[in-house]
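Enquirer: Sharing a structure with you now.
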Amino acid sequence: FDLGAAHTEIIVTPDGPYLVEVNPRLIGAHIPRLLGYALERSVYADVINLHLGGDLTGLQDLHPQRVAVSRWITSKQNGVIKAIVTPDTHNPGIMAVHLFKKPGDMTRPPFDNADRLGYVMAVGKTQFDAERLAEDFVSDTQVILEGADSAAS
């Protein structure tokens with residue numbers, strides 16, 4: 001762990017912190033992408049450079065250039081997806097949109113990770129700006145279910 005990335009999970013409880021997991025790897029792809037958007041650099045390239053013995057000058061003084069957030073797209077109803085219609089946006093703060101489900105897939109209101117239909121990643125100068133942009137994108141996304149007269153998102 002002295003010379004590489006470490007994925008560490010800790011739960012903070014009223015009795016204090018509890019160590020859940022430590023692994024010599026990056027966390028899942030979602031978080032390094034968010035970090036990359038906030039830092040305006042590739043976290044993957046930094047880790048590869050670290051393992052290749054490259055120059056690490058400057059990493060200790062690294063600071064976020066902006067705030068990056070993600071929000072999940074979910075359905076409010078049970079049903080079969082007819083379409084997922086995302087907003088047509090050219091806002092440079094929308095960094096990524098990824099849909100996991102497609103027409104014909106079953107959906108339900110979120111109970112576990114498998115119920116997520118997709119996500120949006122957004123950046124802003126402040127946390128409020130980034131969150132508002134991502135939340136507006138999600139609220140403007142339409143989840144259309146078979147047999148439904150209106151959007152279910």
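Enquirer: Only one of the values [x] 1.03; [y] 0.98; [z] 1.27 was calculated from this structure for Cα Rg over 2.2 N^0.38 Å; name its label.
Expert: Answer by label: [z].
Enquirer: Still on this structure, I have one more. For the chain, with the dipole built from +1 on Lys and Arg beta-carbon atoms and -1 on Asp and Glu ones, taken about the Cα centre, which of Phe100, Ser70, Ile27 lies farthest toward the positive end?
Expert: Phe100
Enquirer: Could you calculate the contour length gain from Asp61 to Leu19, that is, 0.36 nm times the residue separation minus the distance between their Cα atoms, to one decimal place in nm?
Expert: 12.4 nm
Enquirer: Counting only protein heavy atoms and using a 1.4 Å probe, what share of the accessible area of the chain belongs to carbon plus sulfur, as a whole percent?
Expert: In the chain, the share of accessible area belonging to carbon and sulfur is 54 percent.
Enquirer: Same structure again: Computed over the Cα atoms of the range 43-109, what is the ratio Rg over Rh, Rh following Kirkwood?
Expert: 1.19
Enquirer: Related question: Leaving out same-chain residues fewer than 8 places away, which lysines sit with a Cα under 27 Å from that of Lys82?
Expert: The reachable lysines, counting only those whose Cα sits under 27 Å from Lys82, are Lys101, Lys102.
Enquirer: Here's another thing I want to ask about it. Give a quick list of chymotrypsin sites (Phe, Trp or Tyr not before Pro) in the range 1-43 that DSSP marks as loop, anything other than H, G, I, E or B, with at most 10 other Cβ atoms within 10 Å.
Expert: Counting only loop positions with at most 10 other Cβ atoms within 10 Å, the chymotrypsin sites (Phe, Trp or Tyr not before Pro) in the range 1-43 are Phe1.
Enquirer: Moving on to the next point. Can you give me the accessible area per residue for the range 1-128, using a 1.4 Å probe, in Å²?
Expert: I get 67 Å² per residue for the range 1-128.
Enquirer: Contact order normalised by length for the range 20-153, with contacts defined as Cα pairs under 8 Å and 6 or more residues apart; what percent is it?
Expert: The normalised contact order for the range 20-153 reaches 28 percent.
Enquirer: Treat every Asp and Glu Cβ in the chain as -1 and every Lys and Arg Cβ as +1, leave all other atoms uncharged, and give the resulting dipole magnitude about the Cα centre to the nearest 20 debye.
Expert: Charge dipole, the chain, about its Cα centre: 360 debye, nearest 20.
Enquirer: At 37 °C and a viscosity of 0.692 mPa s, what translational diffusion coefficient does Stokes-Einstein give for the range 21-63, taking Rh as the Kirkwood radius over Cα pairs? Give it in µm²/s as a whole number.
Expert: Calculated translational D: 290 µm²/s.
The values are calculated or read from the model by the stated rules, or taken from the named source; none is laboratory data. Just so we're clear, the structure is a prediction, and the values are computed from it rather than from any experiment. All Cβ positions, even for glycine, are placed from backbone atoms using ideal geometry, and neighbour counts span all protein chains on display. Areas reflect the complete protein model, heavy atoms only, side chains present, ligands, DNA and RNA absent. Shrake-Rupley method; radii C 1.70, N 1.55, O 1.52, S 1.80 Å.
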